[in-house]
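The values are calculated or read from the model by the stated rules, or taken from the named source; none is laboratory data. These numbers come from a predicted model, not from an experiment. Cβ coordinates were reconstructed from backbone atoms using ideal geometry, including for glycine residues, and neighbour counts include every protein chain displayed.
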Amino acid sequence: MKKIGIIAGLLLLGYLATGFYVVRGNEQAVVRRFGKVSRTASGAVLLRGSGLHYDLPAPFTQIDRVNLNEVLTVTIGRSELEPLAENDPLKSAAQENSSYFLTGDKNMLNIKLGIQYRVSEEQIDRYLFHTTPQGCEQHLKALTESILT
């Protein structure tokens, strides 16, 4: 009976040790405890800096790491021009042809544009929890295309 208690204690200790996590120097961590985001007294998301931290082990806590210093890029359009088919004078309006714009004097412009952005501390909860990173890029792409048009 004593061996079972020792083994159970070691298993519990090993499970509790899984609550340690490391945040790299260029990252910030957001802790979700029981699915709810940890916040400061003012209501802002509590960001944990680099280093070794401890919180409840999984599944009670989930750690989301975000590099706030990373510059992300969204590219709109393509740089290469494809020749038109002889019997098809029009291009399709598919996503790969979204870099073509018709001007007021009926000329076609092929535009390639690169947008660079960073995630700010004030908007980190919207970036992490209200949209996916792919959805954020799609939203930024649609907004930029509408402004460019």
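A few remarks follow.
- Enumeration of residues in the stretch 18-59 that are surrounded by 10 or more Cβ atoms within 10 Å (Cβ to Cβ) and free of Cβ contacts under 8 Å to residues at least 12 places away in the same chain: Ser38, Arg39
- Subset tally (residues that are of a type in the set (A, V, I, L, M, F, W, C), farther than 13 Å from Val66 by Cα and either within 18 Å of the chain's Cα centre (by Cα) or not in a loop (DSSP other than H, G, I, E, B) (or both)) for the stretch 17-45: 3
- Taking the stretch 113-142 as the range and being at pLDDT 75 or above and among the polar types (S, T, N, Q) as the test, the residues that pass are Gln116, Ser120, Gln123, Gln138.
- Taken over the stretch 69-112, the criterion of being over 36 Å from the mean Cα position of the chain (by Cα), within 16 Å of Thr149 (Cα to Cα) and at pLDDT below 80 is satisfied by Gly104 alone.
- Within the stretch 122-149, the residues that satisfy the criterion of being β-branched (Val, Ile, Thr) and under 17 Å from Leu72 (Cα atoms) are Ile124, Thr131, Thr132, Thr144.
- The residues listed here are Val23, Val37; of these, the one that is modelled with pLDDT of 90 or more and within 29 Å of Leu140 (Cα to Cα) is Val23.
- Any chance Val45 is touching a helix residue (DSSP H, G or I) at 6+ places or on another chain (Cβ under 9 Å) and not acidic (Asp, Glu): yes
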